[in-house]
Amino acid sequence: MKQRHALGIIAVLVGILGFLLFLSASPAPSAAEQGCIASGGTVTTGLCCQSTGDFPDTCAIGACGCAPGQSHEVRVCDCGEGRCFDGTACVPVGPQESVCTSPNGTSMTLDEAMAIAMASECNEIGTLQPMHVCNANTGTWWIDLESFIAKAGCSPACVVDVETGRASVNWRCTGALPS
């Protein structure tokens with residue numbers, strides 16, 4: 001009886017030791033992964049550009065916008081509808097700023113940019129989307145478009161120039177285009 005009891009205790013201790021070894025062998029979650037989960041996101045995988053690593057900033061334009069031939073699978077944070085992962089946490093879609101300022105100091109609000117985009121060729125090419133970003137280096141608002149015209153390898157945006165007040169479509173095509 002004592003021998004069977006001792007064997008049971010040894011078996012439990014070996015199991016606990018094995019479990020502890022398993023836990024120590026598992027890599028600790030990265031800061032980006034922890035930020036994703038802590039802010040309500042779900043860790044999943046997706047196709048992103050070859051130069052992109054795990055947990056890319058999905059609020060920025062381009063990290064996961066390459067053609068499949070120029071992409072590879074990485075771990076991403078799915079933040080759900082109306083939110084994106086900024087590299088550290090899930091945040092509302094689009095940057096928090098509502099004013100874009102050019103290098104020359106000219107400013108334009110997002111509402112003004114949206115009105116210009118609605119009255120431009122952009123509105124004829126597709127439907128303006130909630131995802132937007134101010135590129136302060138070029139003094140332009142970039143507003144995603146869901147195009148009425150399918151173009152392989154392209155992810156169009158309506159680009160509104162803060163200084164001129166003009167809008168144009170940038171197709172943001174990647175990869176080799178068929179001839």
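Looking across region 163-179, the residues that are touching a residue at least 24 places away in the same chain (Cβ under 8 Å) and either polar (S, T, N, Q) or under 24 Å from Asp86 (Cα atoms) (or both) come down to Ser168, Asn170, Arg172, Thr174. Out of region 41-52, which residues are modelled with pLDDT under 90 and either part of a loop (DSSP other than H, G, I, E, B) or out of contact with any helix residue (DSSP H, G or I) (no Cβ under 9 Å at 6 or more places or on another chain) (or both)? Of everything in region 41-52, those that are modelled with pLDDT under 90 and either part of a loop (DSSP other than H, G, I, E, B) or out of contact with any helix residue (DSSP H, G or I) (no Cβ under 9 Å at 6 or more places or on another chain) (or both) turn out to be Gly46, Cys48, Gln50, Ser51, Thr52.
Within region 99-118, the set of residues being under 14 Å from Val160 (Cα atoms) and part of a loop (DSSP other than H, G, I, E, B) comprises Ser102, Thr106. Listed by position, the strands (runs of 3 or more DSSP E) enclosed by region 119-179 that each have at least 3 residues that are among the polar types (S, T, N, Q) are 126-135.
When region 94-114 is filtered for residues that are of a type outside the set (Gly, Ala, Ser), in contact with a His (Cβ under 8 Å, 6 or more places away or on another chain) and at pLDDT below 85, only Pro95 remains.
Being surrounded by 17 or more Cβ atoms within 10 Å (Cβ to Cβ), over 17 Å from the mean Cα position of the chain (by Cα) and of a type outside the set (S, T, N, Q) is the filter here, so list the residues in region 126-179 that pass it. Within region 126-179, Gly126, Leu128, Gly139, Trp141, Gly153, Cys158, Val159, Val160, Asp161, Val162, Ala167, Val169 meet the criteria. Tell me, please, whether a residue that is on the phi < 0 side of the Ramachandran plot, buried (at least 16 other Cβ atoms within 10 Å of the Cβ) and assigned to a strand (DSSP E or B) can be found in region 53-60. No: region 53-60 contains no residue that is on the phi < 0 side of the Ramachandran plot, buried (at least 16 other Cβ atoms within 10 Å of the Cβ) and assigned to a strand (DSSP E or B).
Of the residues Ala67, Ala117, the single one that is aliphatic (A, V, I, L, M), modelled with pLDDT under 85 and either surrounded by 15 or more Cβ atoms within 10 Å (Cβ to Cβ) or in contact with a Phe, Trp or Tyr (Cβ under 6 Å, 6 or more places away or on another chain) (or both) is Ala67.
Do we have Asp78 as surrounded by 14 or more Cβ atoms within 10 Å (Cβ to Cβ), at pLDDT 85 or above and acidic (Asp, Glu) here? Criteria met by Asp78. One residue alone among Cys122, Cys158 is in contact with a helix residue (DSSP H, G or I) (Cβ under 8 Å, 6 or more places away or on another chain) and in contact (Cβ under 8 Å) with a residue 40 or more places away in the chain, and that residue is Cys158.
The values are calculated or read from the model by the stated rules, or taken from the named source; none is laboratory data. This structure is a prediction, so every number in the text was calculated from the model and none was measured. As a convention, Cβ positions derive from the backbone with ideal geometry for all residues, glycine included, and neighbour counts pool all protein chains shown.
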